[in-house]
Amino acid sequence: MTAETILVTGAAGQIGSELVPALRNIQGHEKVVASDVVQPQSGLQKAGPFEILDVTDQEALSRLIQKYQIKIIYHLAAILSASGEKSPKKAWEVNISGFYNVLEASRELGVKQVFCPSSIAVFGPATPKVHTPQDTILNPTTIYGVSKVAGEHLADYYVLRYGLDVRGCRFPGIISNETLPGGGTTDYAVAIFYAALIQGKYTCFLKPETRLPMMYMPDCLKAIINLMSADFSGLKHHSNFNVTAISFSAEELAAEIKKHLPDFEVEYRPDFRQAIADTWPESIDDSAARAEWGWQPDFDLARLTEDMLRVLGEKKKQGKLTWVIPE
Ligand code: VAH
């Protein structure tokens, strides 16, 4: 049987820009259609099919699914936590109406599998902060978190009502070195590496003691690919698996970087994103993912830091490490 055709929405984003190449290596370049509302920074469109797509346009989405006979959708298009607080209406439209469009088009047009990431942003002030359980109180305080809770329930409705194979993970902060993230509260943990190499100093928008669950991109891709390969009939959860790899505070990350760059300095100047981070867990219980589909992360803080500085350091040597460090 020939490999089934995949659609990735939000392909120009932090996860999409690395998931598309990973899927193309597995499925074949012509079998993975990348899409986004903007042209990607990386060469995604040169390495295989790329389409401009606004997921809030249900007709355009349906036309794309029919044009390529899409059978699997990785739906990554979303407005993240910090950006969402600046534009709640747009966040709801993209995160929920967009997801509804994907589920409805999948049901109508014979798409077999849908992946949509959820987030630790579904948790809130009433959620246990340490070793946060799989099944617990979800009282998010951001529109992003609200949209992800709604998305989890919408996905499970499509599983129960229509038997659609929908899967998702509640990702922690994702750290990566391919495409700069945009609009996230955990983005400090990416920006700090660029600042360390470009300026030798970083102004962190969270307090030094702020501890959050995090994951390196290779582990994020591993989780997505492994979950989507699991036997659906063996899953008790579907759209909302807790997954994590590490938990660290901003000052612990800074100290790990200083082991490699001893002169690196960090100043802490919390902004509105501190109030968001304060509502999220410090650590996550991901035993359900480990039990139901064998989840197991590979990168700890030391290995992540070493790899980030190696890859970004190489880009710096080639004169390709550019980024406007927001003041
Ligand atoms: C954000 N990076 O900061 C995303 C993520 C857990 C946080 O969902 O909004």
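The values are calculated or read from the model by the stated rules, or taken from the named source; none is laboratory data. Quick caveat: nothing in here was measured; it's all calculated off a predicted structure. Cβ coordinates were reconstructed from backbone atoms using ideal geometry, including for glycine residues, and neighbour counts include every protein chain displayed. Each accessible area value is taken on the protein alone, full model and side chains, heavy atoms only, with ligands, DNA and RNA left out. Shrake-Rupley method; radii C 1.70, N 1.55, O 1.52, S 1.80 Å.
At-a-glance table
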read-out	value
Using alpha-carbon coordinates, inclination of helix 188-198 to the longest axis of the chain, degrees	50
Rg and Dmax [Cα atoms of the stretch 151-262; Å; Rg one decimal, Dmax integer]	17.4, 57
Within the stretch 254-322, trypsin sites (Lys or Arg not before Pro) in DSSP loop having at most 16 other beta-carbon neighbours inside 10 Å	LYS259, LYS320
Ranked by how many other beta carbons lie within 10 Å on average, peptides 45-51, 117-123, 182-188, 225-231 from highest	117-123, 182-188, 45-51, 225-231
P(r) tail fraction, the chain - alpha-carbon pairs more than 38 Å apart, %	11
Cα gyration tensor, the stretch 250-304 - rounded (a/c under 1.5), prolate or oblate	oblate
Computed [θ] at 222 nm, helices only, for the chain once each DSSP H run of length n ≥ 4 contributes -39500 (n - 2.57)	-11500 deg cm²/dmol
Computed magnitude of the charge dipole of the chain (debye, nearest 20; Cβ of K, R +1, Cβ of D, E -1)	480
SER287, SER35, SER83, reordered so the largest accessible area comes first (probe 1.4 Å)	SER287, SER83, SER35
Nearest-0.05 FRET efficiency for LYS86 and ILE52, computed from C-beta distance (R0 25 Å)	0.60
Exposure ranking of SER106, SER247, SER62 by accessible area [1.4 Å probe, largest first]	SER247, SER62, SER106
Accessible carbon and sulfur surface of the stretch 203-286 relative to its total accessible area, %, 1.4 Å	50
Fraction of the pair-distance distribution of the stretch 288-327 above 11 Å, Cα-Cα pairs, percent	73
Heavy-atom SASA rank of VAL8, VAL94 (probe 1.4 Å, accessible area, largest first)	VAL94, VAL8
Zero-based 5 Å bins, Cα pair distances in the stretch 72-162, whole percents	3, 14, 24, 22, 17, 13, 6, 1, 0
Qualifying trypsin sites (Lys or Arg not before Pro) in the stretch 169-242, DSSP loop, other Cβ atoms within 10 Å at most 16	LYS236
Shape of the stretch 1-108, Cα gyration tensor, a/c cut at 1.5	oblate
Degrees between helix 143-162 axis and first principal axis of the chain (Cα, 0 to 90, nearest 10)	30
Cross-link table LYS89/LYS201; LYS148/LYS259; LYS129/LYS236; LYS46/LYS222; LYS67/LYS222; LYS46/LYS259, entries beyond 27 Å C-alpha to C-alpha	LYS89/LYS201; LYS148/LYS259; LYS67/LYS222; LYS46/LYS259
Label point distance in nm, GLU252-PHE272, each placed 7 Å from Cα along Cα→Cβ	2.9
In degrees, nearest ten, helix 16-27 long axis to first principal axis of the chain (Cα)	50
